[in-house]
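Undergrad: The structure is given below, and queries will be raised subsequently.
The values are calculated or read from the model by the stated rules, or taken from the named source; none is laboratory data. None of these values were measured; they are calculated from a predicted model. Cβ placement follows ideal geometry from the backbone for every residue including glycine, while neighbour counts extend to all protein chains displayed. Note: accessible area is taken over every heavy atom of the protein model, side chains too, but ligands, DNA and RNA are not part of it. Shrake-Rupley method; radii C 1.70, N 1.55, O 1.52, S 1.80 Å.
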Amino acid sequence: MYINPNDPSSRPAVTVPDLRRMKTAGEKIASLTAYDASFARAMDAAGIDIVLVGDSLGMVVHGSTNTVSVVLENMVYHSRCVAKGLSSALLIADMPFQTYASPSRALDAATALLAEGMASMVKLEGSGFVLDAIDHLTTREIPVCAHLGMTPQSVLRMGGFKVQGRGSEAANSLLAQAQQVEAAGAQLLVLECVPSVLAAKITRSINIPTIGIGAGLDCDGQILVSYDALGINSGHRRPRFVKDFLKGRDSIEAAFRAYVSEVKSGEFPKTEHGYN
Ligand code: KIV
């Protein structure tokens, strides 16, 4: 951890190596998505560890039905906005659909997200051909967060947002993919809509931290789309892993504080927020 020289009174900045240390220490990692500086500032003040500029931007901000329409320019712009609101939390930016279809495209896109978007890590979805992109980025000093399970950019192939890894064949395949993204150099792994027992097994089987969303309480950390965590219905069906932290509280920052506190203490998620 290091102290922000622009604001020495702030809590220490969360760094990429801190994430592994937190896993080893059993300290839960609390993450939320943000798309602008004001929300980012409120989350940072609430003690969030990671802020993700997710390509969920396409759904909750642009009003699209999926994330496929988000382009690199959108992500760079919103990442830069969010960066201006942060003093301590680690900033991760999503790589949009097809920007990592080849390792060289991935390097160009990730460089823009770090250099112009001021992110400290990029996130990309899937395994298979994506492993080459992860290797290409991480051997060139670009920290990578992998994302497995329900990968929203695959919605057209998957035919909807569905739980992944059910049944022994699919579960073994997902476990193998998690080990492959770690071997390719990823330093963090998001598991989305995966049976809780499988997410726990994956978390125990790899050394990098797992961040769950609809993946049970045994992941090393949790993430929610901030609009979901505030009970804002963006016109989509409310998934079971969502909780409204604004309910009964009088400010957005209080809601974010409650989220951080419940993730850190293991109070959120509960069994009913996960899948079998
Ligand atoms: O785009 C996004 O917000 C995400 C999170 C849901 C993990 O990828």
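Undergrad: Give me the distance between the Cα centres of the stretch 186-218 and the stretch 126-156, rounded to whole Å.
TA: Result: 15 Å between the Cα centres.
Undergrad: Here is a further query. For the stretch 8-273, what does the alpha-carbon gyration tensor say about shape, rounded, prolate or oblate, given a ≥ b ≥ c as the root eigenvalues, a/c under 1.5 as rounded, and a/b over b/c as prolate?
TA: Taking the square roots of the gyration eigenvalues as a ≥ b ≥ c, the stretch 8-273 is rounded.
Undergrad: Exceeding 28 Å between C-alpha atoms, which entries from my cross-link table qualify? They are 123/201; 123/270; 84/162; 123/247.
TA: Violating the 28 Å limit, Cα to Cα: 84/162; 123/247.
Undergrad: For the stretch 80-156, what is the accessible area per residue in Å², given a 1.4 Å probe and the full set of protein chains?
TA: Using a 1.4 Å probe on heavy atoms only, each residue of the stretch 80-156 averages 35 Å².
Undergrad: Still on this structure, please answer the following. In whole percent, and with a 1.4 Å probe on the protein chains, what portion of the accessible area of the chain is carbon and sulfur?
TA: That share works out to 52 percent.
Undergrad: Which length gain, in nm to one decimal place, applies between residue 162 and residue 238 when the Cα-Cα distance is subtracted from 0.36 nm times their residue separation?
TA: Full extension of this stretch gives 26.0 nm more.
Undergrad: Please label the shape of the stretch 151-199 as rounded, prolate or oblate, based on the square roots a ≥ b ≥ c of the eigenvalues of the alpha-carbon gyration tensor (a/c under 1.5 means rounded; beyond that, a/b larger than b/c means prolate, else oblate).
TA: Judged from the Cα gyration tensor, the stretch 151-199 comes out oblate (a/c at least 1.5, b/c at or above a/b).
Undergrad: So which trypsin sites (Lys or Arg not before Pro) in the stretch 147-225 end up in coil per DSSP with only 13 or fewer other C-beta atoms within 10 Å?
TA: Here the sparse-neighbourhood loop sites are 162.
Undergrad: Here's a follow-up. Along the positive direction of the dipole of the chain (beta-carbon charges: Lys, Arg +1; Asp, Glu -1; about the Cα centre), which of 258, 208, 112 reaches farthest?
TA: 258
Undergrad: Rounded to the nearest 500, what is the chain's calculated 222 nm mean residue ellipticity when only DSSP H runs of at least 4 contribute -39500 (n - 2.57) each, over all residues?
TA: Estimated from H runs of four or more residues: -11500 deg cm²/dmol.
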